[in-house]
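Structure first, commentary second.
Just so it is clear, none of the values below were taken in a lab; they were calculated from the coordinates. A quick note: this is a predicted structure, and the numbers were derived from the prediction, not measured. No Cβ is skipped: glycine too gets one built from the backbone with ideal geometry, and neighbour counts run over all protein chains shown.
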Amino acid sequence: MYTLILNGSPRKNGDTVKLLNMITPQIRGKYKIINTFFEDISPCNDCRKCYTSNKCSIEDNMTEFYKYILDADNILLASPLHYSMLSGNLLNFISRFQYFFVSHNIRKDSTLNIKEKRGFLVLTGGGATKDFYPAEKIASLVLREINAKLVKILKYTITDKFPLNNFSSFEEKLKQKITQEVHDFTKTINGE
């Protein structure tokens, strides 16, 4: 089993990364993390070259990442919430999934076989973040374009009060709750 993790956090040691660091040791099989903030990826510019060609007009690292997406059994989107939405750099990255939509629906490319996948979503946030629907809806729509169905969501939305950098100092009850939620989430990724 191969899990591709698309991390939209701009912070190398932020809560999203800390949560992923709790998840990844429990994942069975191979996994790869792409941190979309630190990659050379331009957003889709709607040039429509992919309407007539099997290549994107933008020459950047996404060319390599298309293969990872095609090969994955699981796709995990991870993002801090910004105004109840996925991070901007993750949205830029997934805008390039337009290539898959066009290949399937406009070019009718039968050679681009996108196997069925399972989709997962990790959201972190704090403060006034109470509405998760925008991020969840976009994640579902985007995953659909790569033949993935959103299976499970893990939310950690108390980062303002309990940043995961302080996990070791949390009360035992909170540590157990977070640990159990991560364990249950990862069991689903593993197909258990």
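In this structure, does Leu150 turn out to be assigned to a helix (DSSP H, G or I) and either in contact with a helix residue (DSSP H, G or I) (Cβ under 7 Å, 6 or more places away or on another chain) or in contact (Cβ under 8 Å) with a residue 12 or more places away in the chain (or both)?
Taking the combined requirement at face value, the residue does not satisfy it.
Among the listed residues Ser84, Ser168, Ser103, Ser79, which satisfies the condition of being over 19 Å from the mean Cα position of the chain (by Cα) and either in contact (Cβ under 8 Å) with a residue 12 or more places away in the chain or buried (at least 20 other Cβ atoms within 10 Å of the Cβ) (or both)?
Ser103
With the condition kept exactly as written, say whether any residue in the range 132-143 is within 25 Å of Phe38 (Cα to Cα), touching a helix residue (DSSP H, G or I) at 6+ places or on another chain (Cβ under 8 Å) and not hydrophobic (A, V, I, L, M, F, W, C).
No, the range 132-143 contains no residue that is within 25 Å of Phe38 (Cα to Cα), touching a helix residue (DSSP H, G or I) at 6+ places or on another chain (Cβ under 8 Å) and not hydrophobic (A, V, I, L, M, F, W, C).
Taking the range 106-127 as the search range and keeping residues that are under 30 Å from Asn165 (Cβ atoms) and more than 13 Å from the chain's Cα centre (by Cα), which one is surrounded by the fewest Cβ atoms within 10 Å (Cβ to Cβ)?
Filtering first and then ranking leaves Gly127.
Can you say whether Asn54 is in contact (Cβ under 8 Å) with a residue 24 or more places away in the chain and in contact with a Pro (Cβ under 9 Å, 6 or more places away or on another chain), as far as the supplied structure shows?
No.
When the residues of the range 128-144 are narrowed to those that are under 18 Å from Ala78 (Cβ atoms) and charged (D, E, K, R), which ends up nearest to the chain's Cα centre (by Cα)?
Across the range 128-144, the extreme among qualifying residues is Glu136.
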